[in-house]
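Q: This is the structure I have questions about; it appears just below.
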Ligand SMILES: Cc1cc2nc3c(=O)[nH]c(=O)nc-3n(C[C@H](O)[C@H](O)[C@H](O)COP(=O)(O)OP(=O)(O)OC[C@H]3O[C@@H](n4cnc5c(N)ncnc54)[C@H](O)[C@@H]3O)c2cc1C
């Protein structure tokens with residue numbers, strides 16, 4: 001067993017860190033307050049290969065591994081979790097669905113521009129009435145002559161307005177339950193497809209989240225991914241891998257919050273000495289550092305299994321559950337260790353605290369992760 005990163009991985013970590021410190025850190029609070037999704041950053045992210053991290057080079061991607069992917073997402077989240085969320089949604093949901101299940105022709109048409117960063121992806125599963133119980137979706141696709149006609153709406157879609165390419169799930173045969181769900185590729189500007197309300201969020205405010213509405217949206221059969229009825233099975237596999245990304249995002253966020261707490265407590269003087277010299281502060285700093293490391297190991301294990309082409313439903317759910325829960329505690333304690341300064345916007349603590357709550361909700365809540373884990377344990 002070798003726990004060390006390769007030279008290339010160490011270099012990758014330092015170049016993404018350098019980029020995040022130089023290009024993202026100075027803008028974090030401006031983007032957050034304006035709820036500005038920084039599309040101007042996308043060409044720079046693409047320049048580092050971050051818009052096509054794991055996609056093969058023949059499709060314009062960077063051909064990196066799942067462990068490399070974790071390193072990239074961690075380093076972005078350490079500085080700005082919103083940017084990391086957008087990169088993870090683009091790479092790990094919309095584009096990943098196409099990379100995993102689309103035909104060669106669909107990959108040439110859609111994956112290549114996505115992987116190069118010339119286009120942005122979104123993925124539409126959640127609806128106003130169905131989140132954890134995703135199979136209860138009501139968006140329908142009905143055959144009309146040669147075409148499919150989609151009607152319905154999707155909620156909380158990352159890049160719902162700005163995406164060029166959207167993968168959406170819709171019911172094509174209600175009588176078959178989850179086996180009657182299919183997936184389709186939609187393009188921005190198609191007749192009948194429009195973005196709805198942009199959400200005004202607690203955190204992750206620089207990542208765009210909107211409703212997506214389909215009203216008699218007609219698409220050719222060439223827009224279906226895989227066979228009719230395979231959409232839900234595909235979704236479960238996309239989520240297995242996608243959760244590794246949210247686990248890595250949680251690790252990066254917890255790392256950032258822990259470092260902010262360490263730096264602040266080392267310089268803040270009370271009772272004539274740095275507060276980091278008090279045993280209760282040291283206890284918390286060391287607990288968070290240990291938890292972040294444990295979360296990182298769980299996350300890298302799930303990523304390593306993915307790289308081996310092995311199943312990782314159990315391991316990715318464990319990584320997502322543990323990492324997101326410890327990140328919430330790290331961010332909360334970061335505020336606490338800053339005292340009143342943790343409650344104001346001059347320090348990064350309050351933003352980590354607002355951003356972090358998403359990680360126990362998105363791509364399956366903590367309760368859903370526990371269901372997935374229990375199902376795997378009981379089936380063993
Ligand atoms: C910022 C943001 C970005 C997002 N991006 C996307 C995206 O790009 N694409 C997309 O498709 N979706 C996206 N989502 C949606 C997200 O995946 C859902 O919000 C999430 O899956 C939870 O669904 P819900 O909000 O409907 O909550 P619900 O499913 O209604 O859950 C409410 C509560 O009930 C609990 N609960 C539900 N069922 C059970 C059960 N069986 N046992 C115990 N507890 C249960 C949940 O854990 C939760 O605590 C995004 C959400 C946010 C906030």
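Q: Somewhere in region 228-240, is a residue assigned to a strand (DSSP E or B) and either closer than 22 Å to residue 81 by Cβ or in contact with a strand residue (DSSP E or B) (Cβ under 8 Å, 6 or more places away or on another chain) (or both)?
A: Initially, region 228-240 is screened for residues assigned to a strand (DSSP E or B), giving none.
No, region 228-240 has no match at all.
Q: Among all residue pairs at least 6 apart or on different chains, which show Cβ distances below 7 Å where the first residue, located in region 202-223, is closer than 8 Å to residue 150 by Cα and the second is within 14 Å of the ligand (Cβ to nearest atom) and in a loop (DSSP other than H, G, I, E, B)?
A: 214/139
Q: Right, next: Considering region 111-154 alone, what residues qualify as being within 12 Å of the ligand (Cβ to nearest atom) and either in a strand (DSSP E or B) or on the phi > 0 side of the Ramachandran plot (or both)?
A: Within region 111-154, 121, 122, 123, 124, 127, 130, 153, 154 meet the criteria.
Q: Taking the condition within 16 Å of the ligand (Cβ to nearest atom) and either more than 13 Å from residue 203 (Cα to Cα) or in contact with a helix residue (DSSP H, G or I) (Cβ under 8 Å, 6 or more places away or on another chain) (or both), does residue 332 pass? Give the steps one after another, and end with the answer.
A: Numbers: within 16 Å of the ligand (Cβ to nearest atom): no; either more than 13 Å from residue 203 (Cα to Cα) or in contact with a helix residue (DSSP H, G or I) (Cβ under 8 Å, 6 or more places away or on another chain) (or both): yes.
No: the conditions fail for residue 332.
Q: Go through (1) under 24 Å from the mean Cα position of the chain (by Cα); (2) closer than 25 Å to residue 361 by Cα; (3) more than 13 Å from the ligand (Cβ to nearest atom) one by one and return the number of the condition residue 187 breaks.
A: Residue 187 satisfies all of (1) under 24 Å from the mean Cα position of the chain (by Cα); (2) closer than 25 Å to residue 361 by Cα; (3) more than 13 Å from the ligand (Cβ to nearest atom) except (2).
Q: What is the residue count in region 354-375 for residues that are in a helix (DSSP H, G or I) and in contact (Cβ under 8 Å) with a residue 24 or more places away in the chain?
A: Residues flagged as in a helix (DSSP H, G or I) and in contact (Cβ under 8 Å) with a residue 24 or more places away in the chain within region 354-375 amount to 14.
Q: Now for a different question. Among what's in region 363-376 and is farther than 11 Å from residue 247 by Cβ and touching a helix residue (DSSP H, G or I) at 6+ places or on another chain (Cβ under 6 Å), pick the residue that is farthest from the ligand (Cβ to nearest atom).
A: Residue satisfying both the conditions and the ranking: 376.
Q: Out of all the residues in region 197-218, is one or more part of a helix (DSSP H, G or I) and farther than 19 Å from residue 335 by Cβ? Give the steps one after another, and end with the answer.
A: To start, the set of residues in region 197-218 that are part of a helix (DSSP H, G or I) comprises none.
No.
Table: residues versus (1) within 16 Å of the ligand (Cβ to nearest atom); (2) touching a strand residue (DSSP E or B) at 6+ places or on another chain (Cβ under 7 Å); (3) more than 24 Å from residue 29 (Cβ to Cβ).
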| site | (1), (2), (3) |
| --- | --- |
| 291 | no, no, yes |
| 295 | no, no, yes |
| 338 | no, no, no |
| 347 | no, no, no |
| 350 | no, no, no |
| 355 | yes, no, no |
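Every number here is computed from the coordinates shown, using simple stated rules; none is lab data. Since the model is a prediction, treat every value here as computed from it, not as a measurement. Don't worry about glycine lacking a Cβ; one is built from the backbone with ideal geometry, like all the others, and counts go over all protein chains shown.
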